[in-house]
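What follows is a set of notes on a single structure, which appears directly below.
The values are calculated or read from the model by the stated rules, or taken from the named source; none is laboratory data. For clarity, every value in this text was computed on a predicted model and none was experimentally measured. Neighbour counts run over all protein chains shown; Cβ positions are idealised from the backbone, glycine included. Heads up: the accessible areas ignore ligands, DNA and RNA and are worked out on the full protein's heavy atoms, side chains in. Shrake-Rupley method; radii C 1.70, N 1.55, O 1.52, S 1.80 Å.
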Amino acid sequence: ARFSMENVDSSNASSVTLDSIRDALIRMEDTVVFSLIERAKFPLNSAMYDEKLKVPGFGGSFLEYFVKETEGLQAKAGRYENPEEHPFFPDGLPSPLVPSRNYPEVLYPAAAGININKAILEMYVHNLLPLFAKEGDDGNYAAAAASDLACLQVLSRRIHYGMYVAEVKYRDAPQDYGTAILAEDKDALMKLLTFEKVEEMVKQRVAKKAMVFGQEVTLGEKTDEGKYKVDPSVVSRLYGEWVIPLTKVVEVDYLLRRLD
Ligand SMILES: C=C(O[C@@H]1C=C(C(=O)O)C=C[C@H]1O)C(=O)O
C-alpha cells in the first residue's frame, strides 16, 4: 500500500513497515525529478547565491533570504508541525497560527531532532545546480528561487526520511542494531542498514523517471529523441553521490541516539 505518514493515524503508527517507507521514497522520486525539471527552465542565475545580489538588511544570499522568509510563512501555516518537515532556518521561526493536526508518533523522541539541511543547501547550490542549470542569467530571480525552494524541500524531506527508515529497520532487528548502537559502532550500523541492490535500483529508476518525465511530448513525428529536460545521468548521480549517502548519514545519526 502506498504510504505517507499523513495517511496513518496515531493508533496505527506501528503499521509502518520498510515496504511502506520504500513506497513513500519512490513516490518522492517523482517530486524530485519534476522539481529539477522546473528549475531547469531557468539559467543558473549565479547572482542569487553569492554576494552580488544582496537584500538590504539581510546577511545571506538572495536564495537564503527567499527560503527563510517563505519558511516563516509556512511555519505560521503549520508546515513544521509535521515531523516529516525540517526547516532550513530553524532559528526564530514563528509559531503556527492554526491548530496542529495529530501526527502519529513514529519516531523515537530522543532521536528525532536531526536536521542536516545546512549540508543539503550546500550540496544543492555548490554541487548539484551547476550540473544541470544552463549557464546564464535571466534576472528572473523570484521565480527561480521559488523553484529552488521546491527542490530543496523535497530533497530535505527525502533525506530526513532516513529517520523513518532507521526506525523500522531497528524495530525489525533490535538485537543486531542494539549491539552496534551500544558499541557506538558507526561502521557496523552502516553495514547493517545498507542494501546495495536497493540502492542500485533507486539510481536506475530515477534515471528512467528523468527520461520519461523529461521527454518532449509531441503529437507528430518525434524530432528530439534522446533529448531530456534534465540529464538522466545527473539525476542518477544526484542520488548516488548525495541523496542516498546523506539519507544513510541520517539513518546512522538516528540509530546512535535510538537507545538514549
Ligand atoms: C532507504 C534505505 O536504506 C538505505 C538507503 C537507501 C536510499 O537512500 O535509497 C537505499 C538502501 C539502503 O542502503 C532502504 O533500505 O530503503
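The single condition among (1) in a helix (DSSP H, G or I); (2) in contact with a Leu (Cβ under 6 Å, 6 or more places away or on another chain); (3) among the hydrophobic types (A, V, I, L, M, F, W, C) that LEU246 does not satisfy is (2).
Selection of helices (runs of 4 or more DSSP H) fully inside the stretch 97-160 by the criterion of at least 2 residues being in contact with an Asp or Glu (Cβ under 9 Å, 6 or more places away or on another chain) returns 129-132, 141-160. Quick check: anything in the stretch 225-240 free of Cβ contacts under 8 Å to residues at least 60 places away in the same chain, crowded, with 18+ Cβ neighbours inside 10 Å and away from the ligand (no atom under 16 Å from the Cβ)? Checking the stretch 225-240: at least one residue is free of Cβ contacts under 8 Å to residues at least 60 places away in the same chain, crowded, with 18+ Cβ neighbours inside 10 Å and away from the ligand (no atom under 16 Å from the Cβ). For the stretch 24-45, what are the residues that are open to solvent by less than 40 Å² (accessible area, probe 1.4 Å) and either within 16 Å of the ligand (Cβ to nearest atom) or under 14 Å from TYR161 (Cβ atoms) (or both)? Correct list: ALA24, LEU25, MET28, GLU29, ASP30, VAL32, VAL33.
Residues of the stretch 164-174 that are assigned to a helix (DSSP H, G or I) and within 16 Å of the ligand (Cβ to nearest atom): TYR164, VAL165, ALA166, GLU167, VAL168, LYS169, TYR170, ARG171, ASP172.
None of TYR177, TYR161 is in contact (Cβ under 8 Å) with a residue 40 or more places away in the chain, open to solvent by less than 60 Å² (accessible area, probe 1.4 Å), within 11 Å of the ligand (Cβ to nearest atom) and hydroxyl-bearing (Ser, Thr, Tyr) except TYR161. Residues of the stretch 45-69 that are in a loop (DSSP other than H, G, I, E, B), closer than 18 Å to TYR124 by Cβ and among the aromatic types (Phe, Trp, Tyr): TYR49 alone.
Okay, residues lined up against (1) in contact with a helix residue (DSSP H, G or I) (Cβ under 6 Å, 6 or more places away or on another chain); (2) at pLDDT below 95:
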{"site": "ASN12", "(1), (2)": "no, yes"}
{"site": "SER15", "(1), (2)": "no, yes"}
{"site": "ARG27", "(1), (2)": "no, no"}
{"site": "ARG39", "(1), (2)": "yes, no"}
{"site": "GLU64", "(1), (2)": "no, no"}
{"site": "ALA75", "(1), (2)": "no, no"}
{"site": "PRO90", "(1), (2)": "no, no"}
{"site": "LEU93", "(1), (2)": "yes, no"}
{"site": "LEU121", "(1), (2)": "no, no"}
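When PRO130, PRO109, PRO99, PRO87 are checked against the criterion of being touching a residue at least 24 places away in the same chain (Cβ under 8 Å) and open to solvent by 50 Å² or more (accessible area, probe 1.4 Å), PRO130 stands alone in meeting it.
Residues in the stretch 212-223 that are open to solvent by less than 60 Å² (accessible area, probe 1.4 Å) and part of a loop (DSSP other than H, G, I, E, B): GLY214, GLY220.
Applying the condition of being under 18 Å from PRO90 (Cβ atoms) and among the hydrophobic types (A, V, I, L, M, F, W, C) to the stretch 124-153 and asking which residue is nearest to the chain's Cα centre (by Cα) yields LEU152. Of all residues in the stretch 180-211 being over 25 Å from THR31 (Cβ atoms) and away from the ligand (no atom under 16 Å from the Cβ), which is surrounded by the most Cβ atoms within 10 Å (Cβ to Cβ)? Ranking the candidates gives ILE181 first. Is there a residue being modelled with pLDDT of 95 or more, out of contact with any Gly (no Cβ under 6 Å at 6 or more places or on another chain) and not in a helix (DSSP H, G or I) anywhere in the stretch 196-211? Checked the stretch 196-211: no residue is modelled with pLDDT of 95 or more, out of contact with any Gly (no Cβ under 6 Å at 6 or more places or on another chain) and not in a helix (DSSP H, G or I).
Test LEU255 against the criterion of being over 17 Å from the mean Cα position of the chain (by Cα), within 12 Å of the ligand (Cβ to nearest atom), part of a helix (DSSP H, G or I) and free of Cβ contacts under 8 Å to residues at least 24 places away in the same chain, and give yes or no. No: the conditions fail for LEU255.
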